[in-house]
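The values are calculated or read from the model by the stated rules, or taken from the named source; none is laboratory data. Computed from a predicted structure; not experimentally measured. Cβ atoms come from the backbone with ideal geometry, glycine included; neighbour counts cover every protein chain shown. Accessible surface is based on the protein model in full, side chains and every heavy atom, while ligands, DNA and RNA are left aside. Shrake-Rupley method; radii C 1.70, N 1.55, O 1.52, S 1.80 Å.
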Amino acid sequence: MAEKDDYLVEILTDLGFVTAEQVANAKAEAASSGVGVVDFMVANKLIRQADVAQAKAAHFGAEVVNLAELKLTDDVIALIRRDIAKKYRAIPVSHHGNTITVAVSDPSDLDTIDSLHHLLKADIELKVASEEDIESALSKYYGGRQMAEDSRMRDVIQELTESDVTAVLGADDGGAVDADAPIIKLVNQLIVEAFKLRASDIHLEPLAKRFRVRYRIDGVMQEMKSPPKRLQASILSRLKIQSNMSIAERRIPQDGRIQSKVGSKLIDLRVSCLPTNHGESIVMRILDKEGLRLGLPELGFFTDDQQTFEKLIGLPDGILLVTGPTGSGKTTTLYSCLHFINRPDRKIITVEDPVEYQLAGINQVQVNEVVGLSFAMALRAILRQAPNVIMLGEIRDLETASIAINASLTGHLVFSTLHTNDAPSAVTRLIDIGVKPFLVASSTRALMAQRLVRKICRQCALPHTPNDAELRSIGIDPGNIANATFMKGKGCGNCNNSGYRGRFGVFEIFVIDDEARKLIYDKVPSSVLRTRAREMGMRTLREDGIRKVLAGLTTAEEVVRATVGDAE
């Protein structure tokens with residue numbers, strides 16, 4: 001400290017900020033009080049902090065900047081995270097190429113400069129600002145002072161507890177994030193509340209005059225209390241920073257991930273950002289690992305279908321396809337199958353895009369089109385790994401389908417998904433993309449379509465007598481319901497007054513027999529194949545739904561919403 005004071009005092013004297021006599025007097029008094037000479041002169045207003053900054057800049061050949069006069073943009077401030085800026089007391093001023101210009105108060109602190117270089121992964125160009133300037137800039141750009149004074153903002157976040165804030169602060173924030181900042185509280189509240197309400201998605205949608213927030217709970221969108229429109233940009237920027245997206249890029253879609261803790265539970269969020277005409281829309285998918293270990297009954301299988309399905313997933317080879325639209329639970333079903341058959345004597349490999357969940361004891365491959373690792377290339381490579389079971393995230397093209405079918409014909413059990421409306425249509429889809437009918441016929445063991453319906457809340461379920469219109473809407477004869485157990489949820493705190501809590505599947509399982517193989521080989525239309533499947537005893541999605549309505553598990557409205565009526 002003494003050496004630093006000596007060179008600073010010399011420069012301050014040379015620059016005319018103090019006289020030699022003032023320095024001599026200050027040294028004597030500073031020595032008796034145990035403080036540095038420069039600090040003593042600043043405290044006694046012999047010099048200003050701006051004079052000290054000028055002296056430091058002159059010694060290191062750096063430029064002095066007045067941060068109060070600069071208008072720093074959000075893009076520039078985003079170059080340095082809040083926790084880094086506060087820890088190292090550094091303010092970004094500009095950037096060019098891989099060089100970031102940073103204002104600091106002490107250019108002699110080489111440790112700080114080196115740390116910034118490594119943390120920012122960029123070359124650092126120094127400018128010097130006074131301690132006062134640095135403090136004001138940190139408060140202005142990183143402290144959220146204006147937002148903290150906003151009473152309407154406080155109304156939005158008043159329900160959030162401090163424990164919730166601490167619980168969901170992600171590790172990627174550096175651990176030094178100011179948890180009192182209202183924007184951080186609000187963003188964390190959105191995640192905490194969504195998790196508490198069992199939402200699968202959080203939708204943040206910029207509209208013309210408002211910023212809408214909706215949660216998808218049990219498959220149904222529900223609008224929540226929305227923040228003020230003026231906070232839209234701050235909220236979106238906060239989420240993009242947490243997701244490791246570029247906040248400077250607002251013209252193209254971006255993807256990212258957030259990992260947070262709510263209480264003792266670690267949750268992953270897959271984040272998608274899409275530019276719209278009123279701003280960027282962000283959707284966060286909450287990835288719930290608990291759903292991966294569901295047993296087959298929890299998925300919604302009745303005993304007869306469960307026995308059929310257990311036989312199918314226990315086969316040594318062949319293809320089992322699960323079909324349905326996006327969000328119909330196909331991935332959860334496949335993961336539950338893998339969990340069911342995952343034993344030390346079986347090698348299981350998956351190829352996914354993306355790998356959403358880490359499964360113990362299973363080798364998982366992430367598709368990466370950027371480096372050329374496509375589904376087809378990954379599938380070829382894993383066949384040389386001698387697996388017993390392969391799970392392919394989705395069959396998208398002829399090349400992938402052909403390799404998967406060849407794998408099933410050479411002693412591998414292959415699970416995969418297709419986007420078709422019903423089970424028999426999967427055959428038509430495979431043939432349409434170019435797979436030879438005889439290969440489809442010889443490799444396919446079963447096709448299963450599924451949809452998700454909401455489950456009646458067990459805590460508020462009451463006996464219900466449906467009217468004739470409700471019964472006819474799903475094809476139930478009102479005169480033939482003697483043994484039925486109709487239920488309906490009254491609505492309670494457990495189900496957020498919706499009458500439903502959780503979801504389960506309705507299924508359509510088409511087991512391929514010799515006659516069905518002949519029909520596939522002959523390239524018959526899917527309607528003919530469907531007729532044959534019905535003759536074999538296949539229940540349609542609607543019929544499986546009806547069984548579950550009669551058993552008091554769900555309601556007629558849910559089955560009508562999720563399934564299409566069967567054509568006669």
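Structure data summary
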item	result
Number of positions in region 397-429 that are among the β-branched types (Val, Ile, Thr) and more than 23 Å from VAL524 (Cα to Cα)	4
Enumeration of residues in region 55-83 that are under 31 Å from the mean Cα position of the chain (by Cα) and surrounded by 19 or more Cβ atoms within 10 Å (Cβ to Cβ)	VAL76, ILE77, LEU79, ILE80, ARG81, ARG82
Inter-residue pairs, beta-carbon under 6 Å, first under 16 Å from ILE47 (Cα atoms) and in region 24-35, second of a type in the set (Ser, Thr, Tyr) and modelled with pLDDT of 75 or more, 6+ apart	none
Among the residues listed as GLY314, GLY324, GLY372, the single one being on the phi > 0 side of the Ramachandran plot and open to solvent by 10 Å² or more (accessible area, probe 1.4 Å)	GLY372
Sole exception among (1) over 23 Å from the mean Cα position of the chain (by Cα); (2) crowded, with 20+ Cβ neighbours inside 10 Å; (3) of a type in the set (Val, Ile, Thr) for ILE341, by number	(2)
Criterion: modelled with pLDDT of 90 or more, closer than 23 Å to GLY318 by Cβ and surrounded by fewer than 19 Cβ atoms within 10 Å (Cβ to Cβ) - qualifying residue of LYS518, LYS523	LYS518
Matching residues in region 425-484 - criterion: being open to solvent by 50 Å² or more (accessible area, probe 1.4 Å) and charged (D, E, K, R)	ARG429, ASP432, LYS436, ARG445, LYS455, ARG458, ASP468, ARG472, ASP477
Residues satisfying the stated conditions in region 235-254, i.e. surrounded by fewer than 14 Cβ atoms within 10 Å (Cβ to Cβ) and closer than 12 Å to ILE282 by Cβ	PRO253
Residues of region 540-568 satisfying the condition of being within 25 Å of THR465 (Cα to Cα), assigned to a loop (DSSP other than H, G, I, E, B) and open to solvent by 60 Å² or more (accessible area, probe 1.4 Å)	VAL564
Failed item, numbered, when GLY493 is tested on (1) farther than 24 Å from ILE217 by Cβ; (2) of a type outside the set (A, V, I, L, M, F, W, C); (3) loosely packed, with under 14 Cβ neighbours inside 10 Å	(1)
